[in-house]
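Notes follow once the structure below has been shown.
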Amino acid sequence: MPPQSCINGSLAQYVPTTDQPWNAERVAHLYNRMGFGATFEELESGLLESSWDLVDSLIDEAISKINSVASAQFSPVWQDYTQESNDYYDFTVQINLHREELQVNWIKQMIEQNFRAKLSLFWHNHFVTKFEDYKCSSYLYKYYRLLMDSGLGNFRDFVKDIGKSGAMLMFLNGSENEKSDPNENYARELLELFTLGEGNGYTENDIMEAARALTGWKASFFVCELPYFDPNLHDDGMKTIFGQTGNYDHDSLIDLIFQERGNEVAHYICRKLYRYFVYDIPDETIVSQLAQIFVDNDFEFIPVFEVLFKSQHFFDENAINVRIKSPLECFVMVIRKLDMEYDNDVFLQKIFGACRDLGQHLFNPPDVSGWREHRAWITEETMTKRWNGLCRYLIEFMLPETGDNMVFLFRKIVDYSDDVNLVVPRFIDYVLDKPLFYSPDYNSALVAFKLDVPENYFDPNSTGTWTLYYGDIDQQLCALLDYVIRLPEFQLC
């Protein structure tokens with residue numbers, strides 16, 4: 001028997017109750033799933049809004065970023081780079097520098113934005129491409145912009161656009177797909193991974209015929225020219241797909257998939273969305289209801305997200321702090337929560353490198369299936385790397401630039417209390433987004449927090465009574481953060 005979800009509640013709108021109040025824990029939960037954690041100010045202001053108003057504001061924020069003239073926030077000079085226009089870049093040397101520049105700026109957007117950046121990471125792991133397989137800066141940038149700008153729109157249009165992107169044409173051999181020698185690679189993944197799911201409503205003959213419909217689109221690894229359609233390489237003969245016969249091309253094939261297999265598409269995508277935004281074990285009843293909403297709204301995403309994120313099911317107690325954080329979530333959430341400075345590109349490159357070592361290599365997932373996520377993030381090797389990497393990069397490299405910010409925020413979090421027995425639990429609860437109920441853990445945290453101060457320093461009867469303005473409080477905070485990062489609860493969001 002497959003594992004069952006223990007998350008309760010329906011898709012009816014969440015209404016706070018005594019048992020399930022609208023509190024800091026649920027505000028944090030919403031920001032954790034629709035972004036990369038809540039800042040202190042976001043927690044404070046979120047408590048003053050209703051849950052559904054806060055969901056609307058996060059979605060509206062994402063839409064405004066997409067629609068804004070300045071939505072790119074990062075428009076490099078190399079975004080339209082081709083080998084022919086290479087007057088000032090060396091093609092073979094600069095492309096990796098371009099990728100590194102984009103990676104750094106994507107991490108910045110994860111820190112600065114909420115839902116748009118979180119959703120783009122989901123789509124990166126759905127419409128997978130690997131930069132190592134196409135190594136073209138302009139293809140990379142346009143792929144990235146598609147992820148950032150299309151994830152809240154219409155899924156059918158998104159599928160059409162991604163299939164004609166240079167990154168996808170190169171990665172899954174679409175550029176090699178010609179009428180004289182059809183290449184089935186992209187057609188197979190289009191049905192198996194991108195729209196329907198493995199073995200769900202298609203045959204091998206459908207794949208072969210779909211490959212014929214996709215012929216004629218070209219891109220170039222060597223030139224990086226804009227993708228284009230060559231009608232001389234397109235098979236314009238009749239094809240039979242899903243039992244329907246017609247002279248299908250790229251766009252009419254996608255239309256056919258959504259026309260003939262729309263229910264299967266909706267269920268497959270909504271199941272993936274559930275696993276990413278709610279929990280790894282899907283509630284199939286909830287998934288089916290979301291899929292129906294998806295179909296009824298012509299495959300527009302916003303109605304699905306509005307219902308899901310406002311639902312009783314999403315805010316159920318058993319849905320909170322049950323997903324294992326990805327490496328990027330570990331780093332970005334701490335940076336946001338502790339108000340750390342992040343304008344240092346060298347530091348952000350170190351974060352990128354640490355995430356790569358932990359298995360989350362931006363623009364280079366392991367294969368076309370993407371990262372496995374959830375429990376796959378935790379192994380004996382990656383667990384120790386999480387501890388050491390997070391502590392080293394967040395504390396050793398950031399402390400000189402961000403220590404004052406952390407201390408100032410810390411004072412606000414604990415409401416300027418000098419009672420260390422209150423200060424430590426409150427700080428831990430803020431970092432973990434939930435109360436830590438085990439007093440032995442608090443006692444251990446107090447020991448970590450004391451660091452090298454005299455034994456009587458925390459004794460109220462001592463002349464050396466501890467205060468929030470103790471000279472080495474930033475070092476104490478780092479010692480406490482080191483302790484919290486190693487707790488099992490920290491790995492969850």
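Side notes on the structure shown:
- Taken over region 350-380, the criterion of being open to solvent by less than 10 Å² (accessible area, probe 1.4 Å) and assigned to a loop (DSSP other than H, G, I, E, B) is satisfied by GLN360, LEU362, PHE363, PRO365, GLY370.
- Test result for GLY353, farther than 19 Å from GLN491 by Cβ and of a type in the set (Gly, Ala, Ser): yes
- Residue within region 474-486 that is at pLDDT 85 or above, closer than 22 Å to GLY37 by Cβ, open to solvent by 10 Å² or more (accessible area, probe 1.4 Å) and not hydroxyl-bearing (Ser, Thr, Tyr) present: yes
- Yes/no for PHE277 being aromatic (Phe, Trp, Tyr), within 20 Å of TRP52 (Cβ to Cβ) and within 17 Å of the chain's Cα centre (by Cα): yes
- The test for being open to solvent by 10 Å² or more (accessible area, probe 1.4 Å) and within 24 Å of ASN183 (Cα to Cα) does not hold for LEU253.
- Unique residue being part of a loop (DSSP other than H, G, I, E, B) and under 19 Å from LEU119 (Cα atoms) when the list is LEU152, LEU147: LEU152
- Taken over region 95-137, the residue count meeting the criterion of being modelled with pLDDT of 90 or more, open to solvent by less than 20 Å² (accessible area, probe 1.4 Å) and not in a loop (DSSP other than H, G, I, E, B) is 19.
- Within region 196-224, being assigned to a loop (DSSP other than H, G, I, E, B) and over 15 Å from GLY174 (Cβ atoms) holds for LEU196, GLY197, GLU198, GLY199, ASN200, GLY201, TYR202, THR203, PHE222, VAL223, CYS224.
- For ARG271, the conditions (1) open to solvent by 20 Å² or more (accessible area, probe 1.4 Å); (2) closer than 18 Å to PHE127 by Cα; (3) at pLDDT below 95 are fulfilled apart from (3).
- Tally of residues being of a type in the set (Gly, Ala, Ser) and surrounded by fewer than 18 Cβ atoms within 10 Å (Cβ to Cβ) across region 138-162: 1
- Qualifying residue in region 211-229 (condition: of a type in the set (A, V, I, L, M, F, W, C), buried (at least 23 other Cβ atoms within 10 Å of the Cβ) and modelled with pLDDT under 95): yes
- Pairs with Cβ under 7 Å, 6+ apart, first in region 30-59 and over 12 Å from PHE309 (Cβ atoms) and among the aromatic types (Phe, Trp, Tyr), second modelled with pLDDT under 95 and open to solvent by 30 Å² or more (accessible area, probe 1.4 Å): PHE40/LYS412
- Some residue of region 75-84 being assigned to a loop (DSSP other than H, G, I, E, B), at pLDDT below 85, on the phi > 0 side of the Ramachandran plot and surrounded by 13 or more Cβ atoms within 10 Å (Cβ to Cβ): no
- Residues of region 312-364 satisfying the condition of being of a type in the set (Ser, Thr, Tyr) and either touching a Cys at 6+ places or on another chain (Cβ under 6 Å) or more than 30 Å from MET170 (Cβ to Cβ) (or both): TYR342
- Residue selected from region 167-204 under the condition of a type in the set (Asp, Glu) and under 15 Å from PHE242 (Cα atoms), by the criterion most open to solvent (accessible area, probe 1.4 Å): GLU204
- The lone criterion from (1) free of Cβ contacts under 8 Å to residues at least 60 places away in the same chain; (2) open to solvent by less than 20 Å² (accessible area, probe 1.4 Å); (3) farther than 22 Å from ASP80 by Cα left unmet by MET238 is number (2).
The values are calculated or read from the model by the stated rules, or taken from the named source; none is laboratory data. Keep in mind the model is a prediction, meaning the values are calculated, not measured. Counting neighbours? That spans all protein chains shown, and the Cβs are built from the backbone with ideal geometry, glycine included. Surface areas here come from the heavy atoms of the whole protein model, side chains and all, with no ligands, DNA or RNA. Shrake-Rupley method; radii C 1.70, N 1.55, O 1.52, S 1.80 Å.
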